[in-house]
Amino acid sequence: MGSKEKGETMTNYNLIATSAMGLEALVAKEVRELGYDCQVENGRISYQGDERAIVRSNMWLRTADRIKIKVGEFKATTFDELFEQTKALPWENFLPANAEFPVSGKSVKSKLFSVSDCQAIVKKAIVERMRQHYHISGWLEENGPLFKLEVALQKDIATITIDASGSGLHKRGYRTGQGEAPLKETLAAALIMLTNWTPNKPFVDPFCGSGTIPIEAALIGQNIAPGFNREFISESWEWIPQQVWEDVRLEAEELANYDQELDITGMDIDHRMVKIAEENAFEAGLGDLVKVKQMQVRDFTTPKENGVIIGNPPYGERLGDKKAVQHMYREMGEAFSILDTWSIYMLTSDEEFETVYGRQATKKRKLFNGFIRTDYYQYWGKRPARDI
């Protein structure tokens, strides 16, 4: 398939936005806001779209892990079935003759459980299809653009996908440094999107670490596309015209609201993290918008009203840390108790959090921070009195 000239018709693809557990509804909401109907399953949101949809999904989805193109899905209980049905797929629509295409794999509750064998068979089937299509008798050179393929078997259903993102979408391109347990940018964005924060309200992260939550808040506040400052693996594919990438980047530039004033503060007890957070904010082009200061949470006071506090505090997972962490939660509860118009949101794996903090949450939501099961404790502030 040659590169498309402007004006040529676009093709429709089956797309998958992968998601961390518990964030599927948020990813689906984002996909719908881009204008695509979707179906939600565990860890994946499926929808259809053209080349422009692939580019816009990569550019705009804040909470998805990555964008994949589903080439085929079929039942396979024998290696023969896997080979023949893989070979029957239209690989020439995706892979040029010199494509580099490593195949990774996984298998869950399937008769074909040897992942290395499944990978080898899928690779062999694609090679055979491409040799026939491109009339190549020897080896395929594989010195061209990179296409990362995956064969995933789940209950004997094989799904073969191509990764259109490359590095995961959480890699926004602004992280110059990070702390011991950095929060993924996609989860940080989700934590903000699960609150009642709007860009005209004050925003505070009392445990900002390398600055991920405040930086994501600033990106959301000014409607800056999260993928604006990075590259994607699919930029080297000739069947997605360069013009589409240029158009989508131009659209992102036009939709950004750089004039939106923001009141965003990050705090951390560690002066080294404060410096890293400042550097990351400048790398993201948001250095003037995100204020970072060294402070303990117990010292936090503010005359401002109707703000939002979001924190990913230490959890005290390690033995011996729990006592110190719970002491800090208690001090935080005391410091925040007078902020009755503020809404407070805390992510922690400590199941005793409400007791130690001193208040029962308005609502809590189960989320996973990597592999750690956590709860997102939500304390809603008093609603501001309406002007009469």
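Rule-based calculations on the coordinates, nothing more; no lab input. Values in this document were obtained by computation on a predicted structure and should not be read as measured data. Here Cβ is always computed from backbone atoms with ideal geometry, including for glycine, and neighbour counts include all displayed protein chains.
Which of the GluC sites (Glu not before Pro) across region 1-104 are loop residues per DSSP, with 11 or fewer other Cβ within 10 Å? Show your work: numbers first, answer last.
Values: sites: GLU5, GLU8, GLU24, GLU30, GLU33, GLU41, GLU51, GLU73, GLU81, GLU84, GLU92, GLU100; in loops: GLU5, GLU8.
Those satisfying the criteria are GLU5, GLU8.
Of the Cα atoms belonging to region 185-379, the radius of gyration and Dmax stand at 18.3, 59 Å.
Taking 25 Å as R0, compute the FRET efficiency from the Cβ-Cβ separation of ILE338 and ASN229 and round it to 0.05.
Values: r = 39 Å, r/R0 = 1.57.
Efficiency, rounded to the nearest 0.05: 0.05.
To the nearest 20 debye, what charge dipole does the chain have about its Cα centre, counting +1 at the Cβ of each Lys and Arg and -1 at the Cβ of each Asp and Glu?
Values: 48 positive and 57 negative charges, 228 e Å.
That gives the chain a dipole magnitude of about 1100 debye.
Only one residue of ALA164, ASN98, ILE136 has its Cα farthest out toward the positive end of the dipole of region 48-195, where Lys and Arg carry +1 and Asp and Glu -1 on Cβ, and that residue is ALA164.
Restriction of the GluC sites (Glu not before Pro) in region 322-378 to DSSP coil positions whose beta-carbon has at most 15 other beta-carbons within 10 angstrom yields GLU351, GLU352.
Fewest first, what order do GLU142, GLU279 take by the number of other Cβ atoms within 10 Å? It would help to have the intermediate numbers written out before the result.
On the way: GLU142 14, GLU279 18.
So the residues, fewest neighbours to most, are GLU142, GLU279.
Largest mean-square fluctuation among SER234, SER107, SER165, in a Gaussian network model of the chain whose springs join Cα atoms under 10 Å apart, belongs to SER107. Which residues does the label zone of GLU33 cover in region 178-198, counting backbone N under 17 Å from a point 7 Å along Cα→Cβ? So the set is 185-198.
Going down the table (LYS75/LYS124; LYS201/LYS293; LYS29/LYS70; LYS87/LYS155; LYS148/LYS291; LYS68/LYS155), which pairs top 29 Å between alpha carbons?
Working: LYS75/LYS124 18 Å; LYS201/LYS293 19 Å; LYS29/LYS70 21 Å; LYS87/LYS155 21 Å; LYS148/LYS291 39 Å; LYS68/LYS155 20 Å.
Going by Cα-Cα distance, LYS148/LYS291 fall outside the 29 Å limit.
Here the relative contact order of the chain, from alpha carbon pairs under 8 Å that lie six or more residues apart, stands at 15 percent.
Could you list the chymotrypsin sites (Phe, Trp or Tyr not before Pro) in region 86-134 that lie in coil according to DSSP, counting only those with at most 16 other Cβ atoms within 10 Å of their Cβ? Don't skip to the answer; put the middle values down first.
Working: sites: TRP91, PHE94, PHE113, TYR134; in loops: PHE94, PHE113.
Taking region 86-134 and a limit of 16 other Cβ atoms within 10 Å, the loop chymotrypsin sites (Phe, Trp or Tyr not before Pro) found are PHE113.
For the chain, modelled as a GNM whose springs connect Cα atoms under 10 angstrom apart, the maximal fluctuation among THR302, THR161, THR348 occurs at THR302. Computed extension length for LYS275-GLU305: 8.0 nm, one decimal, from 0.36 nm per residue of separation with the Cα-Cα distance subtracted. Placing unit charges on the Cβ atoms only, positive for Lys and Arg and negative for Asp and Glu, gives region 229-314 a dipole magnitude near 700 debye about its Cα centre.
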